[in-house]
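Working notes, structure below.
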Amino acid sequence: MNIVLLGAPGSGKGTQAKMLAEKYHFPHISTGDILRQAIRGNTPLGREAEGYIKAGDLVPDKVVLGIIEERLQEADCAEGALFDGFPRTIQQADGLESMLKKANRRLDLCLSLEVPDEHIVRRLSSRRICSVCGADYNMISNPPPADNRCVICGGEIVQRADDQETTIRNRLAVYRKQTSPLQEYYSGRGLLRIVDGDGSPSEIFAKLCRVIDDHSQKPAGN
Ligand code: AMP
């Protein structure tokens, strides 16, 4: 299956994508993670993306589509993938559609996590990340250890530069303007499933699994 997970920054997409990828053995493709890793490695891609990410703006479509095109050629994506934080514009969605078509594949579902704005600002400002391996933490739901070192790799746990309040507001505005039209795009293709993103991670996970399981039990082509 190829699944797009849609949702505003802070809607819980990343957490849910990791849980879903583990359960269903989908490769988890997060363009945000790929870009942050490129920034940490100071690669040409990282240097190109850094300014956009710090400002909370979108990295140009051409750059992001190049990342996806390359990633989809890897062997683990042959059976499908879970896209997290991609597509973010209609151009990216069109690009994904034609890449999948070329490979004789198609998108199966777009799961859209809906969370009220006030919850999003609270979640994002409590979010933390390992500066070395990118593991997620949260001051409320998954606090870092007292020594502030990542339990996986020992790296320092920090706040993402784009989780500062002014950048959060810009990211939400960018989402409303450029990414939320994708709901209509996928609804028009019969692929959209809205999922209430309010609740504990395990409650939301159960709702997402139900939608995926329902879909995979349908006869092919539906
Ligand atoms: P995320 O981790 O998905 O919240 O992404 C963090 C930042 O990376 C975004 O605010 C954008 O600057 C950039 N980014 C991630 N994915 C995309 C994408 N599909 N298109 C453009 N920019 C992206």
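Checking Ser98 against (1) surrounded by fewer than 19 Cβ atoms within 10 Å (Cβ to Cβ); (2) part of a loop (DSSP other than H, G, I, E, B), which test does it fail?
For Ser98, the exception is condition (2).
Looking at Arg71, Arg88, Arg36 in this structure, which one is assigned to a helix (DSSP H, G or I), under 16 Å from the mean Cα position of the chain (by Cα) and near the ligand (Cβ under 8 Å from one of its atoms)?
Arg36
How about region 138-147: which of its residues are of a type outside the set (Gly, Ala, Ser) and closer than 25 Å to Ser202 by Cα?
Matches in region 138-147: Asn138, Met139, Ile140, Asn142, Pro143, Pro144, Pro145.
Residues in region 182-200: is at least one open to solvent by 40 Å² or more (accessible area, probe 1.4 Å), within 16 Å of the ligand (Cβ to nearest atom), free of Cβ contacts under 8 Å to residues at least 24 places away in the same chain and not polar (S, T, N, Q)?
No; the residues of region 182-200 include none that is open to solvent by 40 Å² or more (accessible area, probe 1.4 Å), within 16 Å of the ligand (Cβ to nearest atom), free of Cβ contacts under 8 Å to residues at least 24 places away in the same chain and not polar (S, T, N, Q).
If Asp76 meets every condition in (1) away from the ligand (no atom under 13 Å from the Cβ); (2) within 24 Å of Pro181 (Cβ to Cβ) apart from one, which number is that one?
The number of the failed condition is (2).
Which of the residues belonging to region 149-180 are modelled with pLDDT of 95 or more and not in a strand (DSSP E or B)?
Passing the criteria: Cys150, Val151, Ile152, Cys153, Gly154, Gly155.
Quick one: which of Ser187, Ser180 is more than 20 Å from Leu58 (Cα to Cα), under 20 Å from the mean Cα position of the chain (by Cα) and not hydrophobic (A, V, I, L, M, F, W, C)?
Ser187
Looking at region 101-137 only, could you name the residues that are within 21 Å of Val4 (Cβ to Cβ), of a type in the set (A, V, I, L, M) and part of a loop (DSSP other than H, G, I, E, B)?
Ala103, Leu107, Val115
Filter region 72-104 down to residues that are under 18 Å from Gly14 (Cα atoms) and of a type in the set (D, E, K, R), then give me how many there are.
Summing the residues that are under 18 Å from Gly14 (Cα atoms) and of a type in the set (D, E, K, R) in region 72-104 gives 2.
Results for (1) aromatic (Phe, Trp, Tyr); (2) at negative phi; (3) touching a residue at least 60 places away in the same chain (Cβ under 8 Å), shown as yes or no for each residue.
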| site | (1), (2), (3) |
| --- | --- |
| Val4 | no, yes, yes |
| Gly10 | no, no, yes |
| Pro27 | no, yes, no |
| Glu50 | no, yes, no |
| Val63 | no, yes, no |
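The values are calculated or read from the model by the stated rules, or taken from the named source; none is laboratory data. Predicted, not measured: the structure shown is a model, and the values here were computed from it. No Cβ is skipped: glycine too gets one built from the backbone with ideal geometry, and neighbour counts run over all protein chains shown. Surface accessibility is based on the protein's heavy atoms, side chains included, excluding ligands, DNA and RNA. Shrake-Rupley method; radii C 1.70, N 1.55, O 1.52, S 1.80 Å.
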